[in-house]
There are 2 protein chains.
Amino acid sequence: MEKKKNISIKEISKLADVSVATVSRVINNNGRFSEETRQRVEQIIKDYGYTTNMAAKSLRMAKSKSVGLIIPNIDNEWFSQLTLEIEKHFFENNYSVFICNTSQDEAKEVAYFKSLDSKMVDGIICISGIEEIPTNILTRDIPIVCIDRKPKDHSNAYYVESNHYSGGYLATEELIKQGCQKIAIVSRNKTLSVNKQRLEGYRQALKDYGLEEIKDLQILLDVNQANYEGSRVAINQLIKNKVKFDGIFATNDWRAYGSLIALLENNIEVPKQVKVIGFDDIFISQSSHPSISTIKQDIPTLAKTASQLLFDLMNDVAINDEQKRYIIPVEVIRRDSTKK
Amino acid sequence: MEKKKNISIKEISKLADVSVATVSRVINNNGRFSEETRQRVEQIIKDYGYTTNMAAKSLRMAKSKSVGLIIPNIDNEWFSQLTLEIEKHFFENNYSVFICNTSQDEAKEVAYFKSLDSKMVDGIICISGIEEIPTNILTRDIPIVCIDRKPKDHSNAYYVESNHYSGGYLATEELIKQGCQKIAIVSRNKTLSVNKQRLEGYRQALKDYGLEEIKDLQILLDVNQANYEGSRVAINQLIKNKVKFDGIFATNDWRAYGSLIALLENNIEVPKQVKVIGFDDIFISQSSHPSISTIKQDIPTLAKTASQLLFDLMNDVAINDEQKRYIIPVEVIRRDSTKK
């Protein structure tokens with residue numbers, strides 16, 4: 001490749017094998033990169049004689065007082081509640097929040113990243129969804145904060161999540177403490193780290209309390225089945241197959257509700273014969289009949305932590321670079337479905 | 001006021017007592033205004049010697065391939081489903097949709113209109129919420145389509161809604177046909193046209209079937225009470241007060257579900273002793289136990305009609321100016337809660 005004078009940031013990033021955002025941070029001497037990265041980028045800049053376009057730079061630095069919020073499904077109550085909390089926080093700070101719904105479609109997510117970039121948002125919050133973040137398509141150095149997803153490219157992304165492992169452990173422990181011995185788990189297969197961690201917590205609790213893992217009781221549904229209806233069908237099948245169980249840990253409240261309805265349809269009394277616990281503490285868990293015990297994720301703290309972090313990053317407040325991950329505790333909400 | 005040369009569009013709009021958007025349409029000779037308005041605006045332009053700034057005009061005409069979507073509450077399943085349908089439609093046409101949540105707060109709505117304007121969206125869809133649309137703050141002539149709200153300023157806004165009157169009528173008629181004689185309505189007071197129309201339909205059906213209106217059975221809740229919990233409390237109160245009724249028309253499914261739970265708590269059998277019907281056909285009405293009959297609004301048609309209309313307006317497709325209002329039929333979904 002011939003050395004040319006008008007090399008772009010994008011080309012520098014390719015040559016240095018780092019993201020565009022990282023090149024931008026090195027140029028702007030904006031903390032978050034390793035010494036080795038700095039040297040590599042600066043060498044390329046020197047070799048190719050890159051000079052910062054000051055007009056473009058000032059444009060890049062202009063604040064639009066708006067942020068983008070990428071969410072997988074706004075018709076999922078848990079996501080929408082989190083969105084509302086985040087929106088409230090930014091609005092109080094005179095920021096507009098543009099919500100982009102991706103339906104967990106990778107092409108849509110990429111399109112929205114591009115679109116938010118061209119709309120000059122000052123930062124982006126990503127909730128869950130796919131784990132590969134298309135940061136390489138951003139032309140500006142804007143910070144990204146993720147909730148409930150562990151970004152694969154860590155360079156420019158910070159993340160905040162509930163303690164899902166602990167949630168899985170506590171849910172299972174609650175069932176054990178209320179006398180359950182054969183505990184089913186209803187979750188999603190081939191899946192996000194969130195569900196993996198919940199499953200791990202379940203397995204560890206069984207182990208710690210000396211209960212054996214029963215493969216037939218690990219119901220890991222496909223993405224399209226991992227909902228109310230799929231869970232209802234799966235528990236009906238379990239009953240039909242005469243598999244014995246006395247407790248169900250469903251890894252979200254819709255799955256718990258589907259499981260509960262299946263039990264009621266088979267005249268199995270809840271909590272007397274089978275106890276049920278869910279995850280998320282959404283409205284259906286409070287309002288079902290009987291009400292469903294669940295693991296409450298602390299939405300206000302998740303929202304506040306993520307918002308404040310993005311706010312600090314956008315406003316160049318010094319952030320401890322070591323701390324890129326924030327884990328928020330969860331708690332058991334005991335309701336009728338796990339009473340003795 | 002002294003006549004000056006560099007008058008702005010905003011000043012012209014004030015002098016002519018029309019919106020900025022209307023002035024812009026007159027200047028661009030873009031159909032949607034009355035002859036009288038044209039004359040008034042053109043006279044002011046002549047008097048003050050306004051000349052169009054062509055650069056600004058071209059900027060105004062540039063397409064950003066994005067639209068704004070204003071919604072009152074994304075954590076309401078009905079709104080979020082409608083949003084998803086609209087989003088899908090635009091995404092298929094290579095448009096990005098920026099969702100703005102207002103929490104029915106007027107200040108927020110105004111802020112989002114401004115922000116969408118400065119982000120150069122090509123058009124806006126407003127779902128429900130307040131009925132006064134702050135179109136006067138828009139600096140560009142972009143079309144607006146409303147769903148389920150009747151904009152007070154009709155100049156630039158088109159609207160699409162379900163037939164709420166017919167919905168109220170059909171719901172009440174369903175209860176009457178299943179044998180109910182004393183039918184309560186659980187709705188919202190001091191309210192959007194949507195709820196007014198549903199109440200009117202209820203009253204007309206009672207009248208047509210020769211049933212008297214009973215004031216004690218018209219439960220019109222405050223905004224903050226017009227939800228699951230408020231409805232549950234209200235029906236409990238009705239039972240405590242020994243008011244007789246054998247049917248409940250709740251003007252949304254959450255109110256229907258709250259009413260149902262109150263009946264179950266009082267060991268009143270549904271549908272045997274009291275029948276219940278809701279409105280919207282959201283998930284809770286299918287998945288409750290017993291399932292709840294409801295009035296289904298045709299979300300795909302609402303979304304498609306509104307999206308296509310905005311799409312045509314943005315792309316200067318000729319629209320019949322008489323047709324500013326589109327009314328979409330609704331239908332009864334019969335489930336267990338109104339069975340004989």
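For the reader, a short list of remarks on this structure follows.
- Residue in region A:99-107 that is among the small types (Gly, Ala, Ser), at positive phi and either within 13 Å of chain B (Cβ to nearest Cβ) or open to solvent by 10 Å² or more (accessible area, probe 1.4 Å) (or both) present: yes
- Qualifying residues in region B:108-119 (those that are crowded, with 19+ Cβ neighbours inside 10 Å and assigned to a helix (DSSP H, G or I)) - the one nearest to the other protein chains (Cβ to nearest Cβ): B:SER115
- Of all residues in region A:167-194, exactly one satisfies the criterion of being open to solvent by 20 Å² or more (accessible area, probe 1.4 Å), out of contact with any Asp or Glu (no Cβ under 9 Å at 6 or more places or on another chain) and within 18 Å of A:LEU260 (Cβ to Cβ), namely A:GLN178.
- Once region A:299-318 is narrowed to residues that are open to solvent by 50 Å² or more (accessible area, probe 1.4 Å) and not hydroxyl-bearing (Ser, Thr, Tyr), the residue that is modelled with the lowest pLDDT is A:ALA318.
- For region B:84-98, a tally of residues being assigned to a helix (DSSP H, G or I) and surrounded by fewer than 23 Cβ atoms within 10 Å (Cβ to Cβ) returns 7.
- Checked against (1) within 9 Å of chain A (Cβ to nearest Cβ); (2) under 19 Å from the mean Cα position of the chain (by Cα), B:PHE91 meets all criteria but (2).
- Of all residues making up region A:90-128, the number that are in contact with a Pro (Cβ under 9 Å, 6 or more places away or on another chain) and within 28 Å of B:GLN104 (Cβ to Cβ): 9
- Candidate set from region A:43-56 (those that are in a helix (DSSP H, G or I) and open to solvent by less than 80 Å² (accessible area, probe 1.4 Å)); member that is modelled with the lowest pLDDT: A:ALA55
- Inter-residue pairs, beta-carbon under 6 Å, first within 17 Å of B:GLY168 (Cα to Cα) and in region B:209-228, second in a loop (DSSP other than H, G, I, E, B), 6+ apart: B:LEU217/B:PHE245; B:LEU220/B:ASN189
- When B:ILE183 is tested against (1) under 25 Å from B:ASN236 (Cα atoms); (2) under 16 Å from the mean Cα position of the chain (by Cα), exactly one condition is not met: (2).
- Screening A:LEU59 on (1) at pLDDT 85 or above; (2) open to solvent by 10 Å² or more (accessible area, probe 1.4 Å) shows it passes everything except condition (1).
- Count of region B:195-238 residues, restricted to those that are under 26 Å from the mean Cα position of the chain (by Cα) and exposed (fewer than 14 other Cβ atoms within 10 Å of the Cβ), is 3.
- B:ARG325, sole failed condition from (1) basic (Lys, Arg); (2) modelled with pLDDT under 90; (3) under 25 Å from B:ASN189 (Cβ atoms): (3)
- Residue under evaluation B:PHE279, criteria (1) surrounded by fewer than 24 Cβ atoms within 10 Å (Cβ to Cβ); (2) in a loop (DSSP other than H, G, I, E, B), criterion not met: (1)
- Residues in region B:286-298 that are without any contact (Cβ under 8 Å) to a residue 60 or more places away in the chain, open to solvent by 50 Å² or more (accessible area, probe 1.4 Å) and outside any strand (DSSP E or B): B:GLN286, B:HIS289.
- Any hit, region A:72-82, residues being part of a helix (DSSP H, G or I), closer than 17 Å to A:ILE147 by Cα, facing another protein chain (nearest Cβ under 8 Å) and without any contact (Cβ under 8 Å) to a residue 12 or more places away in the chain: yes
- As a summary of the residue check, B:LYS150 satisfies the conditions (1) free of Cβ contacts under 8 Å to residues at least 40 places away in the same chain; (2) more than 10 Å from every other protein chain (Cβ to nearest Cβ) except for the one numbered (1).
- Region B:254-269 residues that are within 9 Å of chain A (Cβ to nearest Cβ), paired with ones that are of a type in the set (Lys, Arg) (beta carbon under 7 Å, 6 or more apart): B:GLY258/B:ARG232; B:ILE261/B:ARG232
The values are calculated or read from the model by the stated rules, or taken from the named source; none is laboratory data. Bear in mind that the values here come from a model prediction, so they are computed numbers and not experimental data. Note that each Cβ is placed from the backbone with ideal geometry, even for glycine, and that neighbours are counted across all protein chains shown. Remember, those area values only see protein heavy atoms, side chains included, never the ligands or the DNA or RNA. Shrake-Rupley method; radii C 1.70, N 1.55, O 1.52, S 1.80 Å.
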